[in-house]
Structure formats: structure tokens, C-alpha cells
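Right, one structure below, let's go through it.
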Number of protein chains: 2
Amino acid sequence: MNRITATYDIESPVGVARAAQVLAGEQSTGTFTRLAAETDALRERSAARIENIQITGTSATPSLPCRKTGDSYERGTVTISWSLENFGTSLPTLLSTLAGNLFELAELSAVRLIDMHLPGAFALDHPGPQFGAQGTRDFLGGHKGPVIGTIIKPSVGLNPSETAALVQTLVDAGIDFIKDDELQANGPHCPFDKRVAKVSRVLKAHADKTGKQVMYAFNITDEIDQMWRNLDLLEKHGGTCAMVCMNSVGLTGLRAVRERSSMTIHGHRAGWGIYSRSPDVGISFPVMQKLWRLAGADHLHVNGLANKFTEEDSVIAQSAKSVQTPVCDTGPAHIAMPVYSSGQTIWQIDPARCLLGNDDFIFCAGGGIMSHPAGAGAGVIALRQAAEAARRGIDIQEFASQHSELKAALKTFSRPDIRVGHS
Amino acid sequence: MNRITATYDIESPVGVARAAQVLAGEQSTGTFTRLAAETDALRERSAARIENIQITGTSATPSLPCRKTGDSYERGTVTISWSLENFGTSLPTLLSTLAGNLFELAELSAVRLIDMHLPGAFALDHPGPQFGAQGTRDFLGGHKGPVIGTIIKPSVGLNPSETAALVQTLVDAGIDFIKDDELQANGPHCPFDKRVAKVSRVLKAHADKTGKQVMYAFNITDEIDQMWRNLDLLEKHGGTCAMVCMNSVGLTGLRAVRERSSMTIHGHRAGWGIYSRSPDVGISFPVMQKLWRLAGADHLHVNGLANKFTEEDSVIAQSAKSVQTPVCDTGPAHIAMPVYSSGQTIWQIDPARCLLGNDDFIFCAGGGIMSHPAGAGAGVIALRQAAEAARRGIDIQEFASQHSELKAALKTFSRPDIRVGHS
């Protein structure tokens with residue numbers, strides 16, 4: 001199959017079928033007056049095709065302000081396909097085509113890109129994750145189970161020495177993975193090079209002393225040339241992970257990092273709400289994560305179950321699973337590692353594992369570690385115990401009866417209401 | 001003033017004042033439990049400050065789905081400031097901070113970034129447009145008046161020879177500027193290198209014969225390395241303009257093009273609807289265009305008055321003017337050239353010029369040129385006549401009485417209803 005397909009949830013004052021034609025036309029051969037050069041042969045070769053239409057409802061008012069008006073606004077899903085001939089396997093032009101001017105069409109009073117299928121040529125032409133879960137485990141010295149991580153907090157404000165001191169506390173607690181906050185990149189108060197030097201010294205001393213390799217995701221987010229210099233610096237200090245704020249650098253920035261990286265790429269999705277927050281405009285995570293994986297992200301943030309933000313658990317579940325689903329219909333699967341974070345405690349490990357069916361995920365907790373009554377070290381142990389219970393299919397409360405750290409954590413952290421729904 | 005300020009239009013179930021605190025906390029020192037390391041000194045140095053709050057209304061229901069609920073949802077604008085110490089003048093980290101996780105906060109049932117002020121350090125640390133309006137005129141051989149342009153249509157489907165044949169027709173018609181469609185970059189059916197070779201030959205022959213330099217914006221949108229190779233190729237063929245789909249390549253991709261470009265950068269905003277379409281989430285054009293100008297765009301698409309999309313004329317007017325306003329409070333102004341397009345005819349030239357007060361804009365028409373009853377050549381002449389009338393402050397109908405091409409155009413194209421509003 002040499003066609004790219006995209007599914008949109010749309011609403012229209014001119015009806016879903018007519019709106020689908022406008023969308024397909026605008027995003028391929030069309031213009032507002034059909035020109036002489038638009039021959040039948042050209043249309044046959046290059047026009048986008050409507051593959052499927054499903055009407056899902058009607059409302060009396062438009063969901064978004066709309067230049068065109070109607071007596072009613074019909075809603076439905078439409079699937080449209082394009083030939084590979086139109087733009088090949090270019091990811092930026094894929095975006096310009098499937099997620100370009102169409103969001104502004106006056107014939108649409110709602111438009112979300114909710115699904116996308118790519119021919120195997122994309123999986124072959126793009127590098128994909130260089131390391132994935134197995135490579136991450138190798139960097140950690142053969143780590144088993146989910147990777148237990150945390151984030152440097154306060155988000156911004158610590159200088160390099162203060163950051164290194166906090167890292168010392170966290171590695172002493174037995175953590176596997178630490179990440180910079182997305183707000184902390186290379187500010188005057190905490191320059192990247194000084195932070196890398198100080199933190200790397202702590203990580204190395206810890207490895208020399210205990211044999212344990214801790215992965216630190218340094219936030220290299222910056223202009224392309226600077227990100228490449230940051231990668232060089234990290235390599236010199238034995239770095240194993242580079243974090244990139246994907247929306248802040250853009251798709252080609254992520255791909256440029258992948259081209260020069262000898263370490264895992266930790267994909268942070270700051271700004272994601274622009275795409276996800278409205279039910280009436282945007283792009284779904286299952287679509288966007290395919291682009292990020294093709295461009296080379298090894299780890300992808302998916303939010304956490306019962307998080308402090310707005311996404312519902314069913315969305316988190318879908319997002320996490322999507323990252324472990326083959327990226328194209330054929331070709332290399334390019335599986336990445338989902339990263340859970342935001343208000344996570346021992347309670348979320350079992351459901352987070354359950355929906356994936358494996359331990360190939362990173363589980364980041366902040367207060368969920370630091371607020372353990374017996375300290376951060378017990379906080380990390382409790383999370384590992386919760387992960388072991390989940391892996392062995394033992395009820396967490398039953399398992400806690402033999403494991404004091406988990407028992408204390410269960411008493412400390414209140415049980416969230418998690419509703420993953422039908423999976 | 002060494003602080004960055006951002007203004008948001010927000011709605012909240014916990015009240016605007018409380019929501020502003022959450023937003024400021026989340027985007028600077030905060031976390032969901034205040035940690036020991038978050039000292040008063042650190043907060044004083046790094047915490048974002050609330051500078052202003054204005055309540056604008058209240059509604060009984062949330063504008064967007066929201067995890068937190070309230071008896072009512074208060075709406076207002078809040079202005080928040082950050083110290084340059086937090087992240088310096090990095091554009092990607094500016095985005096991660098001002099337009100990062102905040103869009104997902106459960107305390108916000110609507111959140112749009114509507115204004116941003118940057119200290120002069122940004123204007124000094126970033127290249128800005130290399131050529132702007134004057135440089136564009138120089139490439140055109142000293143062109144006066146607005147630059148009259150058009151877009152290759154059908155959007156996609158013509159091969160390199162067919163594209164070159166259409167370019168011949170357009171240069172024969174006397175056009176100043178031609179651009180690729182955003183859907184046409186480097187597809188198998190119309191490879192970039194072959195298109196550049198064929199089109200450049202037409203442009204050169206035309207210049208040799210008539211002395212007129214026509215600018216062609218070749219769509220170089222691709223991965224970084226490939227965009228750089230595309231620039232090299234264009235330079236070899238005497239190219240004067242490279243078009244970039246800014247949302248498809250991302251901010252760092254645009255900046256990477258600027259670093260290597262010897263020609264004007266034509267900034268296309270395909271995908272803009274994701275940021276603009278909802279009144280309840282997103283980023284305004286006056287904010288985003290500052291980032292694009294700092295990164296180096298010479299030309300910026302602003303849609304057109306009475307366009308075929310959804311933006312209202314008052315938004316277009318604000319967008320066009322913003323591009324010609326100094327980018328920071330001090331330092332180099334980094335003015336870019338607004339590009340009007342979408343359903344444009346002789347009717348839109350006067351109001352488009354009027355709101356700027358100058359001719360430093362590109363005016364793209366498709367049907368507005370090709371559908372002139374006396375042909376494309378007369379179509380271009382009619383647009384120049386309309387521009388002259390606008391510049392001289394003469395009513396278009398009166399001016400048409402002495403100018404037959406304009407007269408015919410006025411009869412052919414129906415007069416749109418334009419409502420720029422208070423300027």
C-alpha cells in the first residue's frame with residue numbers, strides 16, 4: 001500500500017461529505033478556481049482521495065467560530081489518502097499536508113487529526129529510536145524492571161552546585177534515572193556546561209563506588225548548532241541521555257539531534273496542550289508520536305495516570321500503548337519507551353504496567369519518592385516493590401504485608417481514582 | 001527592563017487570581033509539593049511574577065474540558081513576568097516556558113498566549129531578517145510599490161517542465177514574485193533539484209530579455225541537512241528566495257536556514273490554525289511572529305483581508321501590522337514584510353496598504369490575476385493600478401475611469417465586504 005491515510009474528526013456547516021471534498025482538494029491539487037492546468041490525469045495521480053466517511057452527530061451551533069454558517073453543523077470522521085508520489089517520505093511535508101492549512105478552512109467548524117497510517121517506506125527512510133528500551137537498559141548496566149526516575153525540582157533556580165548536591169541525594173536513594181526540568185536548559189544562573197560537569201562528577205563517583213549506572217537526561221534544548229555542541233560536551237562527560245523539548249525545537253530539530261547523538265534521546269512534549277486541549281482542533285498523540293519516533297526519540301512523555309493535568313486516563317492509556325505499537329504497517333517497528341510522570345506514586349505502577357503488559361517504561365515520581373516517611377531511599381524501594389508486585393500479579397496490599405517500605409508508602413499516599421476504561 | 005512578560009487570556013474554575021499563581025508557579029520554581037530546596041532566595045530570584053490581572057467575565061460552564069470543576073468559571077487576562085536569568089535569550093526555552101505545560105493545567109478551562117514583550121537582549125542575540133523589504137526590492141532590481149505575487153497552482157501535481165511552463169506564462173504576465181505551494185517541496189513527481197533547474201532557466205532568460213528580475217520562493221522545507229543542500233543548490237542557480245513551512249520544520253529549523261542563507265526567507269505558516277482556530281487555547285500571531293522574525297524570516301504570511309479561510313479582517317490587520325512593529329522594546333527593530341494571500345483581488349489592495357501606511361508588503365493573488373478577462377498580463381497591470389490609486393489616495397473607481405485593465409477587473413471581481421475595524 002503506497003498511500004498515506006489520515007483520519008479527521010470534523011464538523012461542518014456544509015455537511016461532512018462536502019467538507020471532506022474541500023479538505024481533500026485544499027490539501028492536494030485544489031484551488032478556489034479550478035485552473036486549466038488541473039487536468040484529469042493530474043487529478044488522478046495527485047488528488048487526495050476520500051476513503052471513508054462516518055457521520056457521528058449534528059448540532060445547532062458551531063463548535064468553533066466559523067466564517068461559513070449553516071442551519072446545522074454535521075459532525076463525523078473522514079479518512080483521506082494521499083499518494084507517496086505527492087511528497088515522498090518527508091516528515092515536514094507530511095505535516096504541511098496532513099496538518100497544514102486545513103485547520104483554517106471556513107467549511108470546518110471543528111477539525112482534529114485523530115489517526116494516521118504510513119506505508120513502510122517511512123519506517124525504512126527514517127532512523128527511528130537508536131536505543132529504545134533495550135539500549136536504555138544497557139546504559140543502566142543491565143537494569144531489570146521499569147526504570148524508576150525523578151525530576152530535578154525546583155524546576156528552575158538551582159545553580160550547578162545545588163543541582164549536583166540534589167543529584168547526590170537522589171543517587172544515594174537508589175534512583176535509576178533523573179531528568180532536568182524542561183524549564184532548565186542553559187540559563188545564565190545554571191549554565192549547561194557547568195551543570196553537566198558538576199552532575200557528571202556525582203554520577204561517575206556513584207558508579208565507581210556502587211557499580212550502579214544512573215541515567216541523567218540533560219536538557220540540551222537550544223538552536224541546532226548549540227544542541228550539537230551540547231551533545232559533544234555530554235559525550236566527553238560520559239553522558240547517556242539527551243533531553244529535547246520537541247515542540248520547542250520542532251520536528252527537524254529533533255531529527256538533527258538524532259543524526260549526531262551517541263546517546264538516548266528523551267522526548268519531552270512541553271506545549272502539548274496546544275495540540276490536545278481542545279476537543280475541536282488539534283492533533284492526537286497517537287499521530288504525533290509516530291513523527292517523533294520516526295525522527296528518533298527513544299523515550300516519549302505520555303503524562304501519567306491520575307495526573308495533575310487535564311488528560312483523562314483513557315487518553316494516557318492510549319498514548320502509552322501507541323508508543324509501543326509498530327510505527328508503520330510494515331518495516332522496522334521503531335518502538336520507543338513511554339515515560340509516565342505528573343503526580344505519580346506507588347499506586348499508579350500496577351495500572352501503568354498492566355496496560356502495556358511489560359516493564360519497558362520509565363516511571364517518574366517527585367513527591368511520590370521524596371515524601372516517603374522513611375526518606376527518599378525508602379521511596380525508591382517502595383516503587384520497586386510495587387513494580388515487582390505488578391509483574392508477579394500480586395495485589396499491592398497483600399505484597400505490602402511482607403515489604404515495609406511499600407506498606408508505609410500505601411499509608412502515606414492517598415489512592416487515586418484511576419479509570420483507564422476498556423483497553 | 002530585564003524581564004520577559006507574557007499576557008494570557010485565561011478562564012478558571014478556581015478564579016483568575018488563583019489560576020495566575022498556579023501558572024506562574026508551574027512555569028518557574030513550582031512543583032506540586034514545595035520542596036526544601038525551594039528557598040526564599042531562590043524564589044525571589046527565579047519565580048515568575050504576576051504583574052497584572054484583569055477580570056473580564058464569568059460563565060456557568062467551562063470553555064474546554066477541565067479536570068477541576070467549579071461553581072462558575074472566571075475569565076480574565078493575566079500578565080506574568082520572568083527574569084532573563086531563568087533562561088537567557090534562548091528561543092526554544094522561551095517557548096518551553098511561556099507556551100509549555102501551562103496549556104494542560106487543570107486549573108485552566110481556557111488559556112491563550114495573547115501578547116509577549118521581550119527585552120532588547122533578544123533583538124541583539126538573534127539575527128532577525130537578513131533582507132526585509134529593502135533587500136527584497138534590491139533582489140527585484142529596485143522595484144517600487146507593493147510586490148505583486150502569485151502561487152503555482154495546482155498546489156501539487158505539475159512536474160518540473162509543467163511548472164516551468166506555468167512560470168513562463170506568469171513572468172510573461174509581468175509578475176514580480178512567484179511561490180511554490182506549501183504542499184510542493186521535494187516529491188518524487190516534482191523533485192526539488194529538477195524544478196529549480198527548469199524554473200531558474202525561465203527566470204534567467206526572462207531577466208536577460210527584459211531586464212526584469214522575478215523572485216521565486218522555492219519551497220526548501222525538509223530536514224536540516226537537506227534544507228542546507230537545497231540552499232546551496234539555489235545559490236548555484238542564482239536563487240533569491242527560499243520558502244520554509246515554519247510550523248513543519250519548527251523554530252530551530254527556521255533559524256538553521258537563516259544561519260546558512262544568502263537569500264530572503266519566505267515564511268509560510270501552514271498549520272497555523274492549530275494555534276489560532278480556538279478562542280480558548282493557542283497562541284496569537286503577534287506573539288508567534290516575533291519568534292519567527294528573531295529566527296530570521298524576511299517575509300511572513302498573514303492571510304488576506306476577506307480571505308477564504310476563517311480569520312476575521314480585524315485579526316489580519318493586527319497580524320500585518322505586528323510584522324512591521326519593532327520586535328523588542330529596544331535594539332534592532334527586525335522588521336519583516338507581510339505577505340497577503342487567499343482570495344485576493346484588486347479590491348483588497350487599498351485596505352491592505354491603508355492599514356500599514358506603506359508599500360512594504362507582498363500581495364499574492366491567484367484567480368485575482370488569472371481570471372482577468374483580458375488575461376494574466378492585464379490581471380497584473382490591474383493590481384499595479386489599484387496599488388497606485390491606493391498610494392495616491394485616489395478612489396479606485398475614479399482611477400479606473402482612466403485605466404482600462406483596472407476597470408475590467410472591477411467589473412469581473414465582486415467587491416468583498418471588508419471590516420478591518422478600529423485601527
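Before moving on, here are some points about what is shown:
- Candidate set from the stretch B:179-216 (those that are within 14 Å of chain A (Cβ to nearest Cβ) and of a type in the set (A, V, I, L, M)); member that is surrounded by the fewest Cβ atoms within 10 Å (Cβ to Cβ): B:Leu183
- Leading residue by the ranking (nearest to B:Leu95 (Cα to Cα)) among those in the stretch B:218-256 that are out of contact with any strand residue (DSSP E or B) (no Cβ under 7 Å at 6 or more places or on another chain) and of a type in the set (Ser, Thr, Tyr): B:Thr252
- Tally of residues being outside any loop (DSSP other than H, G, I, E, B) and either crowded, with 22+ Cβ neighbours inside 10 Å or in contact with a Lys or Arg (Cβ under 9 Å, 6 or more places away or on another chain) (or both) across the stretch A:369-379: 3
- Test: residue in the stretch A:243-262 that is within 7 Å of chain B (Cβ to nearest Cβ), in a loop (DSSP other than H, G, I, E, B) and within 17 Å of A:Pro338 (Cα to Cα): no
- Of the criteria (1) of a type in the set (A, V, I, L, M); (2) outside the structural domain of A:Thr325 (by TED's automatic domain parsing); (3) surrounded by 21 or more Cβ atoms within 10 Å (Cβ to Cβ), which one A:Ile148 fails: (2)
- Within the stretch A:265-284, considering residues that are more than 11 Å from chain B (Cβ to nearest Cβ) and crowded, with 24+ Cβ neighbours inside 10 Å, the one nearest to the chain's Cα centre (by Cα): A:Gly267
- Taken over the stretch B:353-368, residues that are within 11 Å of chain A (Cβ to nearest Cβ) and outside any loop (DSSP other than H, G, I, E, B) amount to 2.
- Matching residues in the stretch A:263-277 - criterion: being without any contact (Cβ under 8 Å) to a residue 60 or more places away in the chain and either aliphatic (A, V, I, L, M) or outside any helix (DSSP H, G or I) (or both): A:Arg269, A:Gly271, A:Trp272, A:Ile274, A:Arg277
- Scanning the stretch B:231-262 for residues being farther than 26 Å from A:Met227 by Cα and without any contact (Cβ under 8 Å) to a residue 12 or more places away in the chain gives a total of 1.
- Within the stretch B:93-102, the set of residues being in a helix (DSSP H, G or I) and either more than 7 Å from every other protein chain (Cβ to nearest Cβ) or touching a strand residue (DSSP E or B) at 6+ places or on another chain (Cβ under 6 Å) (or both) comprises B:Leu94, B:Ser96, B:Leu98, B:Leu102.
- Pick from the stretch B:23-39, criterion in contact with a strand residue (DSSP E or B) (Cβ under 7 Å, 6 or more places away or on another chain) and either charged (D, E, K, R) or modelled with pLDDT under 95 (or both), ranking: farthest from A:Pro160 (Cα to Cα): B:Glu26
- For the stretch A:103-131, taking the residues that are of a type outside the set (A, V, I, L, M, F, W, C) and surrounded by 22 or more Cβ atoms within 10 Å (Cβ to Cβ), the one that is farthest from A:Asn358 (Cα to Cα) is identified as A:Glu107.
- The one condition in (1) more than 13 Å from chain B (Cβ to nearest Cβ); (2) out of contact with any Lys or Arg (no Cβ under 6 Å at 6 or more places or on another chain) that A:Gly88 fails to fulfil: (1)
- The number of residues in the stretch B:401-423 being out of contact with any Pro (no Cβ under 9 Å at 6 or more places or on another chain) and either within 28 Å of B:Glu312 (Cβ to Cβ) or assigned to a loop (DSSP other than H, G, I, E, B) (or both) comes to 14.
- Unmet requirement for B:Glu312, which otherwise passes all of (1) facing chain A (nearest Cβ under 7 Å); (2) of a type in the set (Asp, Glu); (3) under 23 Å from B:Cys364 (Cα atoms): (1)
- Pairs with Cβ under 9 Å, 6+ apart, first in the stretch A:335-352 and assigned to a helix (DSSP H, G or I), second acidic (Asp, Glu): A:Asp350/A:Asp395; A:Pro351/A:Asp313
- Meets criteria (farther than 25 Å from B:Ser319 by Cα and in a helix (DSSP H, G or I)) for B:Glu398: yes
Here is a yes/no grid of residues against (1) more than 30 Å from B:Ala320 (Cβ to Cβ); (2) modelled with pLDDT of 95 or more; (3) crowded, with 22+ Cβ neighbours inside 10 Å:
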{"position": "B:Asp138", "(1), (2), (3)": "no, yes, no"}
{"position": "B:His143", "(1), (2), (3)": "no, no, no"}
{"position": "B:Ser161", "(1), (2), (3)": "yes, yes, no"}
{"position": "B:Leu170", "(1), (2), (3)": "no, yes, yes"}
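- Within the option set A:Gly141, A:Gly174, A:Gly157, being touching a His at 6+ places or on another chain (Cβ under 9 Å) and more than 27 Å from B:Cys245 (Cβ to Cβ) holds for one residue only, A:Gly157.
- Which listed residue is small (Gly, Ala, Ser), assigned by TED's automatic domain parsing to the domain that holds B:Leu234 and within 19 Å of A:Leu42 (Cα to Cα), from B:Ala173, B:Ala185: B:Ala185
- So A:Ser96, is it at pLDDT 95 or above and either out of contact with any helix residue (DSSP H, G or I) (no Cβ under 9 Å at 6 or more places or on another chain) or surrounded by fewer than 24 Cβ atoms within 10 Å (Cβ to Cβ) (or both): no
The values are calculated or read from the model by the stated rules, or taken from the named source; none is laboratory data. Because the structure is a prediction, the values reported are computed rather than measured. Cβ coordinates were reconstructed from backbone atoms using ideal geometry, including for glycine residues, and neighbour counts include every protein chain displayed.
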